[in-house]
Each structure stands twice: as structure tokens, then as C-alpha cells.
1. So which lysines pass the test for Lys24, namely a Cα distance under 23 Å, with those fewer than 8 places away in the same chain ruled out?
2. Return the Rg/Rh ratio of region 244-360 with Cα-based radii and a Kirkwood Rh.
3. Want the number for Ser314 to Lys39: 0.36 nm per residue separation, take away the alpha-carbon distance, what's left?
4. Please compute the modelled spin-label separation between Glu253 and Asn327, points set 7 Å along Cα→Cβ, answer in nm with one decimal.
5. Which Rg and Dmax, in Å, describe the Cα atoms of region 170-234?
6. In 20 Å bins starting at zero, report the fraction of Cα pairs in the chain per bin as a rounded %.
7. How large is the helix-only mean residue ellipticity at 222 nm for the chain, computed as the sum of -39500 (n - 2.57) over DSSP H runs with n ≥ 4, divided by its residue count, in deg cm²/dmol to the nearest 500?
8. Given a cut-off of 28 Å, name the pairs among Lys84/Lys189; Lys82/Lys320; Lys84/Lys156 whose C-alpha atoms lie farther apart than that in the structure shown.
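Taken together, the values in this text are just the output of simple stated rules run on the coordinates, not laboratory data. Note that the structure is predicted; figures quoted are calculated from it, not measured. Counting neighbours? That spans all protein chains shown, and the Cβs are built from the backbone with ideal geometry, glycine included.
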Amino acid sequence: MVYDVVVVGAGPAGCVAARYAAEKGASTIIIDRKREIGKPVRCAEVVAGTLPSSFGMKNSSEWLVNEAHYFNFVSSKGRVVKIKTSPYVGYVLNRDAFEKELLWMAADQGAELLLGKTVTGIDSKGVVMGDETIETKTIIAADGVDSRIGRLAGIKTRGKLGVLGSCAQHTLVNIDVDPDCLEFYLGSKFAEGGYGWVFPKNKGEANVGVGILRPHSQGAYGVLEKFVRQKFPSGRSIRFLSGCVPSTLPPNECVSKNVVVIGDAARQVNPFTGAGIANAFVAGKIAGEIAGDVAVKGRPLTHLKEYDRLWKASLERKLKKSYKLRNRLLFSDRNIEMFCIFLNILPAFLIRRLAKRLHY
Ligand SMILES: Cc1cc2nc3c(=O)[nH]c(=O)nc-3n(C[C@H](O)[C@H](O)[C@H](O)COP(=O)(O)OP(=O)(O)OC[C@H]3O[C@@H](n4cnc5c(N)ncnc54)[C@H](O)[C@@H]3O)c2cc1C
């Protein structure tokens with residue numbers, strides 16, 4: 001089998017990359033080790049409301065379950081800052097249905113899908129899956145937080161120790177939540193070196209989770225159990241999940257020869273919030289279009305280097321600002337209190353601007 005573009009990983013980054021490569025006319029295949037796309041869900045399921053439509057997605061009740069118009073920040077000392085984010089709305093998703101939609105959009109453009117296959121290596125011809133090889137010009141590595149493909153190509157995706165956030169989440173029912181408000185709990189009372197979140201999916205139902213950046217004797221699970229006991233003692237869990245998010249900056253170079261690394265694999269995640277879907281979309285589109293151009297416009301392989309220039313132009317500044325915020329806020333109760341006081345006195349239009357940034 002020979003393809004112009006092989007995409008490893010059918011998460012948001014891989015699906016978007018495959019869609020745009022195929023749209024350019026490149027023969028494209030996505031390979032994923034999962035047997036069913038979107039499952040198991042490992043996500044708090046929130047994106048900015050502007051994201052889906054800016055990538056041509058039409059809202060559907062299959063994947064859009066709630067729209068929130070407020071953020072709440074709550075500090076350890078009980079200081080509450082309520083921010084109206086309109087016109088920027090927060091969407092709460094059914095992530096599995098959302099990912100399936102992304103895959104259908106790629107398939108609509110002609111991308112093929114190979115499920116239940118693990119890419120075990122790369123060689124000069126293409127990608128290797130045990131004793132099978134798929135030949136290709138370009139490999140797009142969208143293989144998520146535990147990516148190996150980038151490293152095999154010599155790209156420094158590993159980063160320093162302690163740069164992975166550890167997360168745990170229950171989807172709770174039988175709880176009293178305001179469906180119009182996404183809540184962030186900052187400070188050592190809730191999740192030292194991280195934060196807790198309450199993202200309502202419906203009336204009486206929410207994703208309640210924690211993410212921590214420092215090792216904790218009881219791990220993220222222990223921190224979550226304490227948070228849930230504090231906030232929702234009568235809640236009942238209908239789903240539990242855990243996972244890791246990159247909380248560092250991307251490597252300087254995300255291209256090596258014919259390999260391009262995108263999404264979580266390239267650490268293109270907001271290091272403060274841990275949100276990575278929007279950046280995965282942005283990087284996926286850039287990588288897909290460039291790989292498509294190499295395939296169909298006869299551009300040389302060195303043209304792939306353009307990807308590094310373009311993702312940096314779109315994302316690098318925001319990522320660096322978020323990284324600074326992460327370092328200043330998440331490890332200091334004092335700074336969190338100051339941040340809340342500052343938010344309370346900031347004019348509404350600046351708050352909305354900040355909210356938009358944080359959200360991404
Ligand atoms: C608990 C938690 C909550 C989160 N909440 C949010 C949120 O609310 N909002 C937000 O924006 N972000 C959130 N994130 C981050 C977000 O989920 C990721 O940033 C996003 O999924 C990145 O997409 P991706 O396509 O790069 O990687 P992934 O979605 O991880 O996809 C990678 C894919 O590659 C496949 N794969 C890996 N290795 C191989 C291989 N060798 N061969 C074949 N297939 C392979 C995997 O099976 C997987 O399907 C959260 C993360 C966690 C862990």
C-alpha cells in the first residue's frame with residue numbers, strides 16, 4: 001500500500017490534518033490503535049464556542065450538549081469571581097460523538113481509515129505495523145501525549161520531567177450545578193499545583209475533575225475524591241476517567257525529514273488550562289495543507305519545514321503567555337488570591353479578552 005500522507009492517530013489533530021491533506025487531493029490514510037474512535041473518552045469536554053464553526057462544523061445535538069455563558073473562578077479562601085464571557089460561549093461536548101464527526105469530515109474528503117492497528121515504528125519507506133509497512137511521502141504524527149513517532153524521527157518531544165499534568169474526573173449526576181457556568185477551583189484547598197473543574201453537561205450532571213502538576217501522595221485520584229467530597233457529597237458517578245496532559249512548551253522543531261508532529265504529540269496544549277483541542281485543530285490544518293501541497297503540487301519535502309514557521313505564527317505567543325501564567329498562578333495561593341482581586345477590578349471588555357485567551 002502506498003499513500004501520499006499517513007496520519008498516525010485519529011484524535012482531533014489527526015482527523016483535522018487528514019481532512020485538509022485529502023482536501024488538497026493527497027491520498028491519505030489515518031491509522032489508529034483504537035477499535036472505536038472517540039472511546040474511551042479522556043476529556044473534560046469543553047471547547048470555545050467559536051471553534052467548531054471556524055473549522056466548518058455545523059452544530060449538532062449529537063455532540064453539543066451544553067452552552068455556558070459564564071466562568072467562575074473560586075480561590076482557596078472562598079473568593080469567587082464570576083465572569084460573563086458572552087459573546088464567547090463555552091461549549092460542553094459529547095467528545096466521542098465530536099471525534100466521530102471530525103472523522104466523517106476527513107472521510108468526506110476521501111481520507112481512508114485503518115482502525116485497530118498500532119504503528120510500531122517508521123523506516124525510510126513509511127510506517128511500520130509489526131510485519132506490515134505502509135509506504136508514504138509524509139508521516140503526520142498525531143499520536144497524542146504518549147507519542148513515540150516524533151521521538152523515533154529525532155524530534156525532541158519528551159521535554160523535562162514534571163511537565164505532564166495528571167488528571168482524574170468523574171461525571172457526576174444528582175448534583176446542584178448551574179448549567180450556564182463553567183467553574184474553576186484554584187488553590188491548595190482544592191488541587192495543589194493544579195486546579196479543579198466543574199463543567200455542567202446538563203441540569204444535575206457535570207464533569208467534575210482535577211489536574212495536578214506536582215506529585216501527590218494520593219495521586220490525582222485521591223485529590224479528586226477529596227474535591228468531590230467537599231463539593232458534591234450526594235453526587236453519584238456515572239463515568240470515571242484519568243489521563244495525562246502535556247504542560248510544557250512545544251519543541252522548537254516539530255519537523256524532521258518527512259515526519260511532522262502535531263497536537264498533544266507536539267505538546268501544543270495550553271500549559272495553564274490543559275486544553276488542547278483548539279490548538280490540535282490549528283496545527284492539524286496547517287500540517288494537512290502543507291503535506292497536501294508536497295503531495296500534489298510537487299513541492300520538495302523540505303517544504304514541510306513551513307509547518308514549523310506557521311504553527312509558531314499562530315500558537316507560540318499564546319502558549320508562552322499561558323506557560324508564564326501557569327508558573328505564577330498554579331503553585332501559589334497568594335498569587336491566586338491576587339489574581340482574583342485583579343479580575344474583580346478589571347473592566348468587562350478586558351475580562352472578556354482574557355477569558356477568550358484562557359479558554360483556548
Ligand atoms: C482528563 C483530560 C481532560 C481534558 N479536557 C480537555 C478539555 O476540556 N478541552 C480541551 O481542549 N482539551 C482537553 N484535554 C486535552 C485534549 O484531550 C487533548 O489536547 C487532545 O485530545 C489532543 O488531540 P490529539 O489528536 O493531539 O491527541 P489524542 O486525542 O490523544 O489522539 C491520539 C490518537 O493517537 C492514537 N495513537 C497513539 N499512538 C498510536 C500508535 N502508535 N499507533 C496508532 N495509533 C496511535 C491514540 O489511540 C489516539 O486515538 C483533556 C485531556 C485530559 C487527559
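1. Lys58, Lys100, Lys125, Lys137, Lys257, Lys285, Lys297, Lys305, Lys312
2. Details: Rg = 17.2 Å, Rh = 15.7 Å.
My calculation puts Rg/Rh at 1.09.
3. Numbers: separation 275, 0.36 × 275 = 99.00 nm, distance 2.95 nm.
Between Ser314 and Lys39, full extension yields an extra 96.1 nm.
4. Placing both labels 7 Å beyond Cα along the Cβ direction yields 2.5 nm.
5. Answer for region 170-234, Rg first and Dmax second: 11.5, 34 Å.
6. That works out to 31, 56, 13, 0, in percent per bin.
7. On the way: 11 runs with 116 residues, N = 360.
Value at 222 nm, helices only: -9500 deg cm²/dmol.
8. Working: Lys84/Lys189 25 Å; Lys82/Lys320 26 Å; Lys84/Lys156 40 Å.
Checking Cα-Cα distances, Lys84/Lys156 exceed 28 Å.
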